[in-house]
Amino acid sequence: MPQLNLATTIYLLTATALWAGNAIAGRVLVASGAVSPITLSTVRWGLAALLLLPLGWRVFTPSSALWRNKKRFLLLGLFGVGSYNALLYLALETSTAINVTLIGASMPIWMLFIGAVFYQTKPRLLQAVGAVISLFGVAIVLTRGDLSTLLSMQIVLGDFFIMLATITWAWYSWMLTKPGSSNERQWPWAQFLMAQIFAGLLWSGFFNGFEIAAGQAYLDLNFWTASLILFVAIGPSLISYRCWGLGVNGAGPTVAAFFANFIPLFTAILSAAILGEPPQLFHGLAFALIVTGIWVSSSQGRSNKP
């Protein structure tokens, strides 16, 4: 049975802290015009694959279970690596790092919905209540603090991208709890992650082809941009994905999803320190609602079997 113990908590907090750093680094790289969004995603995962190759190369051997589960890993790569990260960086072109991570805080809602519809896991009442409270926090971000504009508002394109990315990530997290074969949980972690990154890199390259064909791909490589790309290839990629996988398997996808709400807190702190984008009053109200949603949901969510 999934349990939220100290080790699992550390895994999930480590992943979310590094993903907050990814939002900051992505915002710097994309908004400054140093690299186009999908090119950034492709370069990031290409570099991550090279770094992991010495540990995970055996997954490509002819006898590897990867080939018997290729459909599963193509979906894991699409939802968790290829489309999610491309959508995240696209969102950062028109939305701030704080807004992107706060909208991503709607993940528990999508996690509960996908679990109920596709994995026969009905949410408890307080989980649903907590998710709705969190949704109000997301609505405050979307309306920039003025809920009266809901009927007439024009959503920024980046807000739509990150919402779509959040849905794909929720599905990816549920898929992690459903192994494609009976011995998948015994795979060496580097091979399991390598299989996902390889499949995701195929998707990233496919999407990058459209960006190149449209004449929108660019990369201005210097010491500063190279350093940031190396950071996102190691921290938010290899370390975070490993920690998230351990956290999801330890706590279950529903409980793990609520830890994603820590990302806005870490992002707000980093934004104030690095990007000069200090949180506004409506960000504080939104975060308070999101935290309230976590508290309400976790009171029964921890005992809910995924």
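Any read-out appearing in this document is the output of simple, stated calculations on the displayed coordinates, not a laboratory observation. The shown structure was predicted, so the numbers you read here are calculated from the model rather than taken from an experiment. Cβ atoms come from the backbone with ideal geometry, glycine included; neighbour counts cover every protein chain shown.
Computed values, structure above
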item	result
Ordering of 260-267, 229-236, 24-31 by burial proxy (mean other Cβ atoms within 10 Å per residue, highest first)	260-267, 24-31, 229-236
Cβ crowding within 10 Å averaged over residues, with 64-71, 80-87 ranked highest first	80-87, 64-71
Cα principal axis extents for the chain, largest first, Å	58, 48, 32
At least 20 Å along the helix axis (C-alpha) and Kyte average at least 1.0, DSSP helices within the chain	6-31, 37-56, 125-142, 157-176, 189-213, 281-301
Within the chain: Cβ-based charge dipole about Cα centre, in debye rounded to nearest 20 (Lys, Arg +1; Asp, Glu -1)	1120
Cβ-placed point charges (K, R +1; D, E -1), dipole of segment 1-114 about Cα centre in debye, nearest 20	460
Cα-based Lys proximity count in the chain, under 19 Å, for pairs eight or more positions apart or on separate chains	5
Rel. contact order, % - alpha carbon contacts under 8 angstrom, at least six apart, the chain	41
Segments 9-22, 103-116 sorted - mean Cβ within 10 Å per residue, highest first	103-116, 9-22
